[in-house]
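Only the coordinates and a few stated rules stand behind these numbers; no lab work does. Since the structure is predicted, the reported quantities are computational estimates derived from the model, not experimental observations. Cβ coordinates were reconstructed from backbone atoms using ideal geometry, including for glycine residues, and neighbour counts include every protein chain displayed.
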Amino acid sequence: MVKKVYVSLISDLLHAGHIKVLKKASEFGEVTVGLLTLEACGELNDIPYLDYEKRKEVLENLTLVQHVVPQTTASYKENIETLKPDYVVHGDEWKHTHQRKYRSEVIQLLEKHGGELVEIPYSSDISDMHIKEQIAKLGITTASRQSRLKKLIIARPLVKILEVHNALSGLIAENAYEELADGERVTFDGMWSSSLTDSTSKGKPDIEAVDTSARLTTVNEIFEVTTKPLIYDADTGGKPEHFEFTVRSLERTGVSAVIIEDKTGLKKNSLLGNDVAQTQDTIENFCHKIKCGKAAQITNDFMIIARIESLILEVGMEDALKRATAYVEAGADGLMIHSRQKDPKEIIEFVKTFRQGDTETPLVVVPTSFNSVTTDEFEKIGVNVVIYANHMLRAAYPGMMKVAQSILKNKRTLEAEDDCMKIKDILELIPGTN
Ligand code: SPV
Ligand code: MG
């Protein structure tokens, strides 16, 4: 009887390493590829550029592959229990990565029906990660970058976004990573062009005084050196007729989403709350603006996210929830709920209540004030996107001021050196400098 062989793949960029695994697999019998869905890829922190159907089409046309089935989680459990393969074939590199937990599970599952794990020595000269890093160095197309946020929201349990205000902070969002205790490498998923920090870095107040052209110049500079998707803070969006042009400009640039807040008149920063005069727009007017934006949009992937200011302006939870429903009905692709309370109580209440009636619409939070809440906690209650909205600029300014004051005080820079990056390090920071 022909033996059943199972190979799990993402197969975004099919290369010689995959062929080596598939060739070996086909020596043992009939090969079924468990092709990871977008959600499953998200669990592995490896978001493919190509859609499932496109990846499937390539594999189905290989003579080495007899069947392609979806693998909907990073765990092989469901497919192994259904297919009961005689063999699972995999490269041996997963012994040492954060995928080792899936390896142990595969071994246990196979034992139950007498299957066997076959591991192939890893070819260090060909790896997906390496190829993807090389491709990232070449940059990204406008369309690929733009469509990435929607994919990430589907694929990742929680999308983590970092504020950027120039190309250098963009490079931090692009490259910063941490290796957690279980070996998982965590990174930011995308960037936030904040009206507060873009205005502040230009020495202007956060009152919509920096025009869209100037804001887009910053975004373009960031896009020149990064590949991650960006969410743009468009303040109130201005007049509906003007917002239509903003949507088109953002799409053309490759921005993935715009957030507009339901305020009107002279906009002031939300973290000032009712300490300054701020006016909320009517539901009717704001829904009209959302509809105008959606009608103006050309691409499928661009998202218009409506930001609710009811908690900021202290008009109550009921108003916030009422607006949430209305904005979704008007066509908003997501909602941002804002609060300036240190206690996360009202945000949590909003998210939980909203989620009782709507499990689909992406929810965005900006935990500048309620900063004790972790990403795990946000994920658990049903938040989709967390934006760290101003921290790069807030980190940079005190560092610069301290050094400036030290030079004045000491009449030289000797004392300030410890607070500065080493000259050698700055010369090596940007490739091509030396
Ligand atoms: C921004 O970053 O500009 C924002 C978020 O709009 S907040 O400053 O909290 O209003
Ligand atoms: Mg803003």
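Along the axis of the charge dipole computed for the chain (Cβ charges of +1 for Lys and Arg, -1 for Asp and Glu, origin at the Cα centre), the listed residues V118, L149, H90 are led at the positive end by L149.
For the pair L266 and R185 in one chain, pulling the backbone fully straight at 0.36 nm per residue adds 24.9 nm over the alpha carbon distance. Of all beta bridges that DSSP places with both ends in the chain, some 10 percent have antiparallel geometry. With 0.36 nm allotted per residue and the present C-alpha distance subtracted, the V373-L50 stretch has 112.9 nm of extension available.
Of the peptides 326-334, 235-243, the order by per-residue mean of other Cβ atoms within 10 Å, starting with the highest, comes out as 326-334, 235-243. Put simply, the C-alpha atoms of the chain give a gyration tensor, and the ellipsoid matching it has half-axes of 43, 28, 20 Å, longest first. What is the angle, in °, between the Cα long axis of helix 128-138 and the longest principal axis of the Cα atoms in the chain? Nearest 10 is fine, range 0 to 90. Value to nearest ten degrees: 40. Our helix-only sum for the chain, with -39,500 (n - 2.57) per DSSP H run of n ≥ 4 divided by its residues, gives a mean residue ellipticity at 222 nm of -13500 deg cm²/dmol.
Taking the C-alpha atoms only, the angle from helix 16-28 to the longest principal axis of the chain is near 30 degrees.
Cross-link pairs exceeding 32 Å in C-alpha to C-alpha distance, out of K228/K268; K101/K150; K137/K239; K3/K101, comprise K137/K239. Pairs exceeding 24 Å between alpha-carbon atoms, taken from K95/K132; K204/K294; K289/K345: K204/K294; K289/K345. If you wrap segment 56-189 in the convex hull of its Cα atoms and look at it from every side, the mean projected area works out to 10.8 nm². With a cut-off of 19 Å on the backbone N, the residues of segment 51-69 near the modelled label site 7 Å out from L138 along Cα-Cβ are 51, 55.
Taking the longest Cα principal axis of the chain as reference, the axis of helix 283-296 is set at about 50 degrees.
Kirkwood radius, segment 178-321, all distinct C-alpha pairs, inverse of mean reciprocal distance: 16.4 Å. How big is the Rg/Rh ratio for segment 145-389, C-alpha atoms only, Rh by Kirkwood, two decimals? On the Cα set of segment 145-389, Rg over Rh gives 0.93.
Packing around the peptides 301-308, 99-106, taken as the average count of other Cβ atoms within 10 Å per residue, puts them in this order, highest first: 301-308, 99-106.
Bridging of K4 to aspartates and glutamates at a Cα separation below 12 Å is possible for E27, E30, D86, E116, once same-chain residues fewer than 8 apart are set aside. Averaging 1/r across all pairs of distinct Cα atoms in segment 4-129 and inverting the result yields a Kirkwood radius of 14.4 Å. With kT/(6 pi eta Rh) evaluated at 10 °C and eta = 1.306 mPa s, and Rh the Kirkwood radius from Cα pairs, segment 297-434 diffuses with a coefficient of 87 µm²/s according to Stokes-Einstein. Here the residues E53, E39, ranked from fewest to most Cβ neighbours within 10 Å of their Cβ, fall in the order E53, E39.
Result for the chain in a Gaussian network model with C-alpha springs under 10 Å: among R55, R215, R412, the largest mean-square fluctuation is at R412.
The modelled label-to-label distance between E30 and D419, using points 7 Å beyond Cα along the C-beta direction, is 7.2 nm.
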